[in-house]
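The next block holds one structure in the form of structure tokens; read it before the comments.
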Amino acid sequence: MISETQAAYLRGLRERDEAGERWILQLGPWSDAMIPAITWYATEKGDQPPVPSDDELTDLLRRERAGERFDTEIGPYSALLLAWAINGVIRHQDFKEYGPEMFRLMLDQLTLMFIDDPEGAELLRAWESAR
């Protein structure tokens with residue numbers, strides 16, 4: 001359960017997101033492909049998005065581990081929700097063969113985005129400690 005202060009903070013982030021504010025998140029091809037599935041897994045809202053085949057995921061993972069990265073724009077509200085969803089995946093330890101390090105790499109980047117934002121950092125810490 002979140003407090004009214006936290007709910008107001010999240011509404012503010014959503015407004016900034018909807019107004020077009022964007023941050024840069026550096027992702028590898030596997031991480032980028034997994035975002036819709038991670039979000040669905042955490043919320044279980046709507047239809048499950050298509051996931052690349054095992055062969056495609058293996059190739060994406062190989063490329064990401066080899067260092068391939070590109071910039072992806074993400075709004076502040078979306079970034080915080082993605083961090084919440086990744087914490088859920090880590091909490092349930094549903095890694096398949098990818099291992100938690102792939103999820104933690106994304107989470108570390110998202111956490112750094114909120115390093116100078118006390119309210120966002122507090123929410124992230126609370127979600128992480130709930131693991």
Kindly provide log₁₀ I(q)/I(0) values, in the same order as q = 0.14, 0.18 Å⁻¹, from the Debye equation applied to equal alpha-carbon scatterers of the chain.
-0.64, -1.06
Say the dipole of the chain comes from +1 at the beta carbon of Lys and Arg and -1 at that of Asp and Glu; which of G75, A33, A7 then lies farthest toward its positive end?
A7
Starting from the 7 Å offset along Cα-to-Cβ, what nm value, one decimal, do you get for the label separation of D32 and D54?
2.6
What nm distance separates the two modelled labels at Q6 and L112, each placed 7 Å from Cα along Cα→Cβ?
2.6
Placed amide H near W23: partners under 5 Å, 5+ positions off or other chain
I74, G75
For R63 and E21 in one chain, what is 0.36 nm times their gap in residues minus the Cα-Cα distance, to one decimal in nm?
12.2 nm
Would you please name the GluC sites (Glu not before Pro) within the stretch 1-83 that are DSSP coil residues with at most 13 other C-beta atoms within 10 Å of their C-beta?
E44, E68
Placing +1 at every Lys and Arg Cβ and -1 at every Asp and Glu Cβ, with all other atoms neutral, what dipole size does the chain have around its Cα centre, in debye to the nearest 20?
260
What percent does the relative contact order of the chain come to when contacts are Cα pairs within less than 8 Å and at least six residues apart?
32
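Values in this text are rule-based calculations from the coordinates and carry no lab data. Computed from a prediction, not measured in an experiment: that's the story for all the values here. Counting neighbours? That spans all protein chains shown, and the Cβs are built from the backbone with ideal geometry, glycine included.
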